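Comments concern the structure below.
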Amino acid sequence: MRRRICIVAVPAVLLVAAIAWAPAPAASQTSASAVTFHKDVLPVLQKNCQSCHRPGQIGPFSMLTYKETRPWAKAIRQAVVTRAMPPWFADPRYGHFNNDRSLKQAEIDLIASWVDAGAPEGNPADAPKPVEWPEGGWQIKPDVAFELPPYPVPAKGIIEWERIAFPAPFKEDTWVTSVEILPSEPAVVHHLCFGFQKHRETTPYGVYQWMEVPRDQNGNMLKVDGTTTGPRKGIVLSRKAGSTEVMRRPGSPDFFHEGTNEFCYLPGLAYEDYRPVDAGMFVPAGSDMIVSLHYTTTGLAVVDKTRIGFTVSKSAPKKKFLPQDGAEGENPPVARQQANASLAIPPFADNHPGPVAMIDFMKDVELVWFRPHAHVRGKSVRYTLIHPDGREETVLYVPNYNFNWQLTYRTSIPIKKGSKMRVQFTYDNSARNKYNPDPSAWVRYGGQSWEEMGTPNMGFLVNQDEDVTNAIIER
Amino acid sequence: MTMQVVLAIGLALVASAARAEQRDVTFPASDGFMLQGTFYPSVRGGPGILLIHQCNADRRSYDQLALMLNTAGYNVLSFDFRGFGGSRGGQYTDFRSQREAVVEKMPGDVDAALKFLASRNTVIARALGVVGGSCGVNQAIQASRRHPDIRTLVLLSGGTSADGEAHIRASRHLPIFGVASEEDGTAPESIKKIVGLSAHPDSRVQMLKNAGHAAEMLAKQEDVGADIVIWFRANLPVAGYGLPPAIR
């Protein structure tokens, strides 16, 4: 079920990051006749495109070599000129993001002039050194890899959110410095998140557990209470990994998944990496790993085999990661749940505002990432930081949210004690939303993709010795 | 760079990429006639794309496009109508002299090909796309009338009938990518008309120059194949949520 693999080389991610910080070529430095693939275009592709456009990744073709890239030259031009690629959805008027992979105008001009000139190859001797991508499909080069049990996803039906516990794959106190989650069948994964918690005697290992959620014939929850995983009391369903036998009992789950938004796979999300900011998450020896799984059916029965890769440190990084507890924690934000329960998007509404999330900061923290999450009717999201003096500042605005590209926006924003964050999602339930399965439906809160939610998801850093109890409160 | 060099590069690219092996297949039409095709399975499960050839060529005219689509994650099936390519036999030996009889059987042949494609164990049967060239344009449109699991069409240099036009006009969820070459007789106007009738806001037409007819455009204009792949990736996603979940 799990294995350790040996370790360490210079992480390719850092190499890519180093390349990313190289200055962009200025348009004025090149002329259409001089632009070649090896000298001018390949560095841009290495920096911005090859992480997805290489064998085994999500991109539909490889951009590693001239031969692989040339047939797609015109399509590449179209994609970059229209800014459809690389995928990046933050409004550039707000915030600063250190993983912004959108192309600079000079880079777009360079690619366009290369294509317009007939996409010449140039001299291979001019090419930069190839990026050494990790083997096995990883973006990071993991020190430790963990394999989840194979999960058979049926062709049809509704799959509720499930959770399963394992002993954490570390024998001693460990700092996790980056994480990558690699499903083998990403088309059926709505989310796959996990976190660590102290082992409890009541937590069973290797048993999927979920709540029975009463639904109507269209799959909508009969009772919308603002939680995503069904009632906290009711019928508990469970199944041992590898078994098809489902057990039923009345009561409450044996374990919750508070904190399991610490690390996630979501459609379009690559990986989490705290190494560039010298931070990590402390996992004490003997911890449990609680995995929250949400699979969805596509019409094709498949078996997903997800791998999770970690880079780790035995010594403490300078800062520690502080997750924002999700709505399913032991102390769920009641007001937020009540607001969620009130979400009702009318049929054909094209710009419906969802309930506002308000997060209070009771201590100084450094905000290091946003990962907004809504479903297929999600349209936009705005994060507004309200400083202690009442001044309001938009720190992230995503005007065109896309469920298939749920990016993490990495930043560095010092937040003072007494600040608040207001998060506002809007939804498009009109026929113009090409992902809308039914514009004529009322849409309410829920965990399935035909239901809706608006989850702020943010990550924070604090100094190692900081007491973070009640540092962040979501209301 | 010459067109031949570009095509050679394209073929080298798709031939070297990681993908499952293509294989020639046979499958029966409803009257028992055996049709021949080439199936390109995707490495991961994914949508299926059917390639319908024009009436002056056979399935081999799509060889490069099929490889490119397959490399991009799709299951692909090209097949020969009876009387064409590898589907010659029995009473169907030559399309030119048996045109009426062959055309009459075309819808059934398309249905048989779709049934074969949708039954492969790597194909999401409710996520299908179709490419049709010339006389295959109307066959593609008519197939989408009969099969709601066809989510998008790519139409090369052809026209359709009145009921085909009515279907396009009424199909709000059927994005269409039409391609033709300006000097190719009535093909440009036919394609423009079809795309203009489309009720889907993303439907679009691409006009080329001196590119020939239907699948010939793939050989004469090296970027057309890439444009078709990009179209499918936008309108028939291989991963993520292009389709609502299969609740029932």
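The values are calculated or read from the model by the stated rules, or taken from the named source; none is laboratory data. Just so we're clear, the structure is a prediction, and the values are computed from it rather than from any experiment. All Cβ positions, glycine included, derive from the backbone under ideal geometry; neighbour counts span all protein chains shown. Calculation scope for accessible area: heavy atoms of the full protein, side chains included, ligands and nucleic acids excluded. Shrake-Rupley method; radii C 1.70, N 1.55, O 1.52, S 1.80 Å.
Please go through region B:159-197 and give me each residue that is open to solvent by less than 10 Å² (accessible area, probe 1.4 Å) and out of contact with any strand residue (DSSP E or B) (no Cβ under 9 Å at 6 or more places or on another chain), ordered by number. B:G164 - this is the single residue of region B:159-197 that is open to solvent by less than 10 Å² (accessible area, probe 1.4 Å) and out of contact with any strand residue (DSSP E or B) (no Cβ under 9 Å at 6 or more places or on another chain). Selection of region A:76-116 for residues being within 11 Å of another protein chain (Cβ to nearest Cβ), over 27 Å from the mean Cα position of the chain (by Cα) and open to solvent by less than 60 Å² (accessible area, probe 1.4 Å) yields only A:V115.
Comparison of B:R44, B:R60 shows that the only residue that is within 10 Å of another protein chain (Cβ to nearest Cβ) and not in a strand (DSSP E or B) is B:R44.
Before we move on, is B:I150 open to solvent by less than 30 Å² (accessible area, probe 1.4 Å) and either within 14 Å of chain A (Cβ to nearest Cβ) or closer than 26 Å to B:D109 by Cα (or both)? Break it down into steps so the answer makes sense when it comes.
Details: open to solvent by less than 30 Å² (accessible area, probe 1.4 Å): yes; either within 14 Å of chain A (Cβ to nearest Cβ) or closer than 26 Å to B:D109 by Cα (or both): yes.
In short, yes.
Among the residues of this structure, A:S51 does not count as one that is open to solvent by 20 Å² or more (accessible area, probe 1.4 Å), at pLDDT below 95 and in a helix (DSSP H, G or I). Return yes or no: is B:G196 assigned to a helix (DSSP H, G or I), of a type outside the set (S, T, N, Q) and within 14 Å of chain A (Cβ to nearest Cβ)? It is false that B:G196 is assigned to a helix (DSSP H, G or I), of a type outside the set (S, T, N, Q) and within 14 Å of chain A (Cβ to nearest Cβ). Filtering region B:200-238 to residues that are of a type outside the set (V, I, T), facing chain A (nearest Cβ under 10 Å), open to solvent by 40 Å² or more (accessible area, probe 1.4 Å) and out of contact with any strand residue (DSSP E or B) (no Cβ under 8 Å at 6 or more places or on another chain) leaves B:P201, B:D202, B:E222, B:R233, B:A234. Of all residues in region A:158-196 being within 14 Å of another protein chain (Cβ to nearest Cβ) and of a type in the set (A, V, I, L, M), which is most open to solvent (accessible area, probe 1.4 Å)? In this case the residue turns out to be A:I158. Among the residues making up region A:122-147, those that are surrounded by 20 or more Cβ atoms within 10 Å (Cβ to Cβ) and either touching a Phe, Trp or Tyr at 6+ places or on another chain (Cβ under 8 Å) or not in a loop (DSSP other than H, G, I, E, B) (or both) are A:Q139, A:I140, A:P142, A:D143, A:V144, A:F146.
Could we say that A:T297 is away from every other protein chain (no Cβ under 14 Å), in contact (Cβ under 8 Å) with a residue 12 or more places away in the chain, hydroxyl-bearing (S, T, Y) and not in a strand (DSSP E or B) here? No. Before we move on, is B:L65 of a type outside the set (S, T, Y), in a strand (DSSP E or B), open to solvent by less than 10 Å² (accessible area, probe 1.4 Å) and closer than 18 Å to B:W231 by Cα? For B:L65, the condition - of a type outside the set (S, T, Y), in a strand (DSSP E or B), open to solvent by less than 10 Å² (accessible area, probe 1.4 Å) and closer than 18 Å to B:W231 by Cα - is not met. Here is the figure for region B:119-154: residues that are in contact (Cβ under 8 Å) with a residue 60 or more places away in the chain, within 14 Å of B:I176 (Cβ to Cβ) and polar (S, T, N, Q) total 1. Please indicate, with yes or no, whether at least one residue in region A:388-406 is small (G, A, S), touching a strand residue (DSSP E or B) at 6+ places or on another chain (Cβ under 6 Å) and at pLDDT 95 or above. Within region A:388-406 (the criterion being small (G, A, S), touching a strand residue (DSSP E or B) at 6+ places or on another chain (Cβ under 6 Å) and at pLDDT 95 or above), the answer is no, since none of the residues qualifies.
When residues of region A:117-162 are filtered for being more than 21 Å from the chain's Cα centre (by Cα) and basic (K, R), how many remain? Going through region A:117-162 one residue at a time, the tally reaches 2.
B:G46 fulfils the conditions (1) modelled with pLDDT under 95; (2) open to solvent by less than 10 Å² (accessible area, probe 1.4 Å); (3) within 18 Å of B:G32 (Cβ to Cβ) except for a single criterion, (3). Can we say A:I164 is under 29 Å from A:L407 (Cβ atoms) and either touching a residue at least 60 places away in the same chain (Cβ under 8 Å) or in contact with a Lys or Arg (Cβ under 6 Å, 6 or more places away or on another chain) (or both)? Yes. A search for C-beta distances below 6 Å between a residue of region A:62-74 that is facing another protein chain (nearest Cβ under 9 Å) and of a type in the set (A, V, I, L, M) and any residue that is surrounded by 21 or more Cβ atoms within 10 Å (Cβ to Cβ) and assigned to a loop (DSSP other than H, G, I, E, B), counting only pairs 6+ apart in sequence or on different chains, returns A:A73/A:A119.
In region A:449-467, the residues that are within 14 Å of chain B (Cβ to nearest Cβ) form Cβ pairs under 9 Å with partners that are among the acidic types (D, E) and open to solvent by 20 Å² or more (accessible area, probe 1.4 Å), at six or more places apart or across chains, as follows: A:W450/A:D438.
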